[in-house]
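The values are calculated or read from the model by the stated rules, or taken from the named source; none is laboratory data. Please read these numbers as outputs of a predicted model, since none were measured by experiment. Neighbour counts run over all protein chains shown; Cβ positions are idealised from the backbone, glycine included. Quick note on the areas: whole protein, heavy atoms, side chains included, nothing else; ligands and nucleic acids left out. Shrake-Rupley method; radii C 1.70, N 1.55, O 1.52, S 1.80 Å.
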Amino acid sequence: MTVETILADISSLSERDKEYILGFLTRHFTPSASQQGALIGELRERKFSHGFHCRHCGSMSVVRYGKRNGRQRYKCKDCIKMSCDLTNSPMYRSKKADKWIAFIECMLKGLSLRNTAEIVGITHVTAFYWRHKVLSALAKESVGEFEGIVEVDETYFLESHKGRKTIQTRKSRKRGGSASKRGISNEQVCVLVARDRNKTTLSKRVGSGRILTEQIEITLTPHFQSDTVLISDAHNSYKSYSAKNDLEHIIINGSKKEYVKKGIYHLNNINNYHSRLKKWISRFNGVSTKYLQLYLVWFQFLDIRKMESDLSKKKLILILSSVLGTWETADTLRLRSIPF
């Protein structure tokens, strides 16, 4: 039997059977040492591109200090703390470093925690903490400035305390349930999304209930240029923000059946983004509000880079999360509050 015949047989299988085969191969054939070594080498180059520095205090007085488990160690002359190439990365102190590449593949596919755990060969609790360590690091990636026409609109998610044993303010909802109040209320979490025609995107959880001018100001102003053209619906908060910052403002009033102005001003891109976001996030059967921002970052990463190859994204998500860094632990993730 040739390799071509095997691949043809696999292609004819159901998606469930394909995932089973992927899980089997992942558990029994781990990445080679040379493959992992190349990844660590690229991570080191990116992390120390401006010279060796201490990941604890930032000092440049760092010297090599032998190896441990085959990995280079460093010692800071100022704070006397030790570090390695993986310090301050999601993989730091991981006892299953050989599982991370397979885990990232599952993240790129947006698989559930239990499916990920089964494929990678870890517990679903470990998969949860690994996922949130990676996302906490990616959340530090800078969005940059918008250029030209920027579409802005908000979308809403039902407030969720998924994972809590008790909720002080209300009764638990069965499998998410629905809000007790009609329309937009403080039971709805507001997510502000801005996107220009170059696909530069910012999605940010800003509070509960209707959006306020102050929330728009804090979220958007650092990313706007003076010649930015803001396109939004007719909500008064956008009008106030535009007037205050002397921005050109184009209003698309859907209630008056306005959808396009002058052939170029519309909200199609932002509405499509909202639709894709809602559909993608529904696969998780509800996301706790305190972790919602991390899932917004996750989708944003995948959406912006959807045209790139899986190999490119796999390397990028590992390297970027390690370079940006995170000191999150299981305790800090579990005890995280909702920062409104």
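Give, in nm to one decimal, the length gained when the segment between R64 and S275 is fully stretched (0.36 nm per residue of separation minus the Cα-Cα distance).
Between R64 and S275, full extension yields an extra 70.9 nm.
Counting only protein heavy atoms and a 1.4 Å probe, tell me what percentage of segment 220-302's accessible area is made up of carbon and sulfur.
So the carbon and sulfur contribution to the accessible surface is 48 percent.
Could you give each residue of segment 263-278 its phi-based ³J(HN,Hα) in whole Hz, using Karplus coefficients 6.51, -1.76, 1.60 with θ = phi - 60°, and x for Gly or Pro?
x, 10, 9, 7, 10, 4, 5, 6, 5, 5, 5, 4, 4, 5, 4, 4
Hey, can you rank 142-151, 247-256 by average C-beta count inside 10 Å, highest first?
Averaged packing, sorted descending, gives the order 142-151, 247-256.
Going by Cα centres, segment 185-225 and segment 276-334 are how many Å apart?
Using only Cα atoms to place each centre, the spacing works out to 18 Å.
Sketch the reach of a paramagnetic label on S185 as a point 7 Å from Cα along Cα-to-Cβ, and name the residues of segment 261-297 whose backbone nitrogen lies under 19 Å away.
The answer is 289.
Quick one: if the Förster radius is 51 Å, what FRET efficiency do A243 and F284 give, using the C-beta to C-beta distance and rounding to 0.05?
0.85
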